[in-house]
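Here's the structure, in C-alpha cells; my notes come after.
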Amino acid sequence: MWISKIWIKSILITILCLPCLVSAAWKDEACGVFNLEQKWCNVISKNYTQPYCVTNFQPIWGESSDVNYANECIWPALTNKLSKLISDKSNMWQFSTRDFIQEYCLSLFWNSDSWRIYFAKPSWQTNDWDWQQTFDSHQSLFLYALCSSFTESWDNHPFINENAILSWVYKWDVVKILKLQQKSSKWNLCSLDYDYWIQDCDMSIYATKIYEGIMSDLFKIKYAQVLNVDNSKDFDGKKQEKVEQFMSGYKLSHKKYKDLKDEYPKTISILESNQKFYKKVLDDVRLIDNSKLSDLSKENGCPVKWNMSWMDFVACALHSSQWNWFSLTPSFVTLYYNELLHYRQFVAFYKKFMDKDINMTQAKKDALIKEAKKLDFELYFDMQMEASEEVQRSFEEFNMTYPLHIWMLLYTEKTERFRNGSLSKIITSFYSLSEKLQNVQRPNAN
C-alpha cells in the first residue's frame, strides 16, 4: 500500500499557511500581531497549554496576513536550544548522536517552560479553537516511535518522559516489527545496550523506516474506512451490517441487506468482494493497533468540539468517519500533516547536526562516509515526501469516487432490470411501428 517516491517542496509552507478566518476581537492575546521573539511563543501559548494561531486575519485589509507564528516560534526555539548544547561542548566529538536525539526528543515532549510544537487554526464558527486542526508534538506517532525505540533495558526509555503516552497505539515493539536493528559484527549499532553513543547508527535509514511504516499503516486503515471496514475483528459476522452501513452512510439506500441483495445482487456482490479485500488490507497493518483504536472511538465517541488528545485523538482521526460520511476528515488531515511536520523537522535538524559533524571531522575518509550518509538522508526524504503527496492524492480520489462508483453500479443494475423486465414487452411494437412509418419513396442513401 505504501509507495516510495519523491515529494513536496516545503511542507511547513503548506501547514503554516492554513487560512485563519477570525475577527480582530476574538482571541486577541493569541491571534494579535506581535513583534515575536522567543519569549512571546511561551507567552501567547500560556506556557504551551493553549495553542497559538497559524495565521492572522486582518479585516481592514480584507485578506489573510501571513504572520506564521508557528514558523517564528518553532525554528528559533529548538535551534537555539540545541545549538547552545553543541557550543557548550569543548569538542564536537563529545556531542554524540545520542546527545542530539535525546535533547531533541525531550525538548518536544517537555511540558511547559520549554518548547514543543503546539499551534492551531481558530474556529470561525465558535469563539474557540478548531480542535480537529490542532498540531501537537505530544500526539505525533512518528516522534513517539522514534524516541521510544531507543532503550537501555526493556522498561527504560531515556529519550522520552511522562508526556509521551502513545504506547498503546502500537501493537508491539517498533524496533522488532520494522527490523530497525543495524547489525555489525556481533552487536546492533542502534542499540544503547551495545553502543551507548550510537554514533554509527545510520539515522537516514532508521528514521525513514519508522516514517514509512507509520504512513503505510495510516493509509491502509483509511482506505478501508472508505468502504466502512473499520476493523478486521469479527468481520465475517458483520458483513451484512457493513453493507447496510455503507449504503446508508453515503445516502445510497436505507434498505435492509436482504432487500438490497434481492434488488441489486451484482452491485452488492461487488461491494462485498471489495470490503473483503480491504479486510485483508487491515490484517496487514503492522504497527498500529487498529482494532483497539476502532473500539476506543466507538466507546468514547468523537465530538467535533471536544479537545481530543492522546489515543483519543488518534482513534478519532482514523475512525470518526464512521459517523461522518467521507473518510477524508479534518482530524485525519491534521494527523497526516502532523506526522509530515515532525518527520520533516527531524530531518532538517539532524542534517544540521551532520553538517557540523562533517566540518569537524579531520580524516578525509571519515568525512566522505558521513557526507554519503547525509546525501542518503536527503534522497530518502525526497522519496518519502513525493510518496506522501502521491498517496494523499490517490486517497482523495478514491475517497470521492468509490461511493460514486457504487451509485453508478446501482443505477446501471436498476436500468438493466427495467430494460429486461418492462421495456422488452413494448420494444418490439416500437420497432414494428418504426418500420411501418418509414417513407418508402425516400431514395436509398447509398
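The values are calculated or read from the model by the stated rules, or taken from the named source; none is laboratory data. Here the structure is a predicted model, which means the values were calculated and not measured. Using ideal geometry, Cβ is built from the backbone for each residue, glycine included, and neighbour counts are taken over all protein chains shown.
Based on this model, can you work out whether PHE135 counts as at pLDDT 85 or above and not polar (S, T, N, Q)? Spell out how you get there, then give the answer.
Numbers: at pLDDT 85 or above: no; not polar (S, T, N, Q): yes.
So PHE135 does not fit the description; no.
The numbered conditions (1) crowded, with 16+ Cβ neighbours inside 10 Å; (2) of a type in the set (Ser, Thr, Tyr); (3) at pLDDT 85 or above are all true for SER273 except (1). Within the stretch 171-212, the set of residues being closer than 15 Å to PHE377 by Cβ and aromatic (Phe, Trp, Tyr) comprises TYR206, TYR211. If you go through the stretch 376-414 and pick out every residue that is among the β-branched types (Val, Ile, Thr) and surrounded by fewer than 18 Cβ atoms within 10 Å (Cβ to Cβ), you end up with 2. Screening PHE349 against (1) under 30 Å from GLN225 (Cα atoms); (2) among the aromatic types (Phe, Trp, Tyr); (3) in contact with a Leu (Cβ under 8 Å, 6 or more places away or on another chain) leaves a single unmet condition, (1). Assessment of the stretch 394-404 against the conditions (under 29 Å from LEU143 (Cα atoms), in contact with a Leu (Cβ under 9 Å, 6 or more places away or on another chain), modelled with pLDDT under 85 and not β-branched (Val, Ile, Thr)) yields no matching residue. The number of residues in the stretch 316-338 being surrounded by fewer than 24 Cβ atoms within 10 Å (Cβ to Cβ), in a helix (DSSP H, G or I) and either modelled with pLDDT under 85 or in contact with a Leu (Cβ under 6 Å, 6 or more places away or on another chain) (or both) comes to 3. Step by step: first the residues of the stretch 211-247, then only those that are modelled with pLDDT of 85 or more and of a type in the set (Phe, Trp, Tyr), then the one that is surrounded by the most Cβ atoms within 10 Å (Cβ to Cβ). Which residue is that? That would be TYR211. The requirement of being crowded, with 16+ Cβ neighbours inside 10 Å, aromatic (Phe, Trp, Tyr) and at pLDDT 90 or above is not satisfied by TYR250.
If you go through the stretch 192-203 and pick out every residue that is surrounded by 15 or more Cβ atoms within 10 Å (Cβ to Cβ) and either under 21 Å from ARG286 (Cβ atoms) or hydrophobic (A, V, I, L, M, F, W, C) (or both), you end up with 4.
Got a sec? Which of LYS370, LYS364 is in contact with an Asp or Glu (Cβ under 8 Å, 6 or more places away or on another chain) and surrounded by fewer than 19 Cβ atoms within 10 Å (Cβ to Cβ)?
On the way: LYS364 fails: in contact with an Asp or Glu (Cβ under 8 Å, 6 or more places away or on another chain).
Among LYS370, LYS364, only LYS370 is in contact with an Asp or Glu (Cβ under 8 Å, 6 or more places away or on another chain) and surrounded by fewer than 19 Cβ atoms within 10 Å (Cβ to Cβ).
In this structure, is PHE332 touching a helix residue (DSSP H, G or I) at 6+ places or on another chain (Cβ under 6 Å) and touching a residue at least 12 places away in the same chain (Cβ under 8 Å)? Judged against the criteria, PHE332 is a match.
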